[in-house]
Amino acid sequence: MEATKTAAPATEQTKKKKKKVSPYMVFSTIVIILLAIAFAFPLYWIITGSFKTQVSINATTPEWWPSEWVATNYAKLFSRQKAPLWEFAVPFSSNFSKDGKDIIWWSGPQVPAAIRWLINTVFMAVASMILTCITSAMASLLYTSDAAAAQSSATPS
């Protein structure tokens, strides 16, 4: 008997909770889905690109789905290649060196190449973030100083 009493209010509550779907709700859902696809696309592109051949990666027309799936990129990444942790080369030295290679004047210890690529990626991400913050701060300062100057000239003295 107790179970029937609790079941009846539950069905009444579900009937009350049903909302009418508005055009705004449909529009906002579509926009959210499109934004989710736009934000997920770079991840899709990176993952499928890691399985493409070098020719299809460098092709002028994009290949949306790999025609040939290869794992050579992962074999190269996890191979026992070594690279210096850092290198400082003379700029444009390949133009005047005998063998056409860069002249390296300081090189770090040898580490797995994947570690150097990871450090390079982190360095570029941090550097671009810092430069973006500096540029944004300068732009906001310019905007606020222009707004303050316009406001002070608009007020009568």
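What follows draws every value from the coordinates through simple rules; no lab data is involved. All values reported here derive from a predicted model rather than from experimental measurement. Methodologically, a virtual Cβ is constructed for each residue, glycine included, from the backbone with ideal geometry; neighbour enumeration extends over all protein chains shown.
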Are there any trypsin sites (Lys or Arg not before Pro) in the range 32-119 that are in a DSSP loop and have at most 15 other Cβ atoms within 10 Å? List them by number. 80, 98, 101
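Based only on other Cβ atoms within 10 Å, what is the fewest-to-most ordering of 43, 85? It would help to have the intermediate numbers written out before the result.
Details: 43 9, 85 12.
Ordered by Cβ neighbours within 10 Å, fewest first: 43, 85.
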How far apart, in nm, are two points set 7 Å out from the Cα along the Cα-to-Cβ line at residue 61 and at residue 114? 3.5 nm
Report, by chain and number, residues whose modeled amide H sits under 5 Å from the one on residue 111, excluding near sequence neighbours (fewer than 5 apart, same chain). 83, 85
Modelled FRET efficiency - R0 22 Å, residue 74 with residue 102, Cβ distances, 0.05 increments: 0.20
When the charge dipole of the range 33-157 is computed with +1 at the Cβ of Lys and Arg and -1 at the Cβ of Asp and Glu, the Cα pointing farthest to the positive end, of 111, 90, 56, is that of 111
Expected output is a single nm value to one decimal: the length gained when fully extending between residue 40 and residue 133, i.e. 0.36 nm times separation in residues minus the C-alpha distance. What is it? 31.0 nm
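Loop-only chymotrypsin sites (Phe, Trp or Tyr not before Pro) in the range 29-64, please: DSSP not H, G, I, E or B, and at most 10 other Cβ atoms within 10 Å.
Numbers: sites: 39, 44, 45, 51, 64; in loops: 51, 64.
The qualifying sites are 64.
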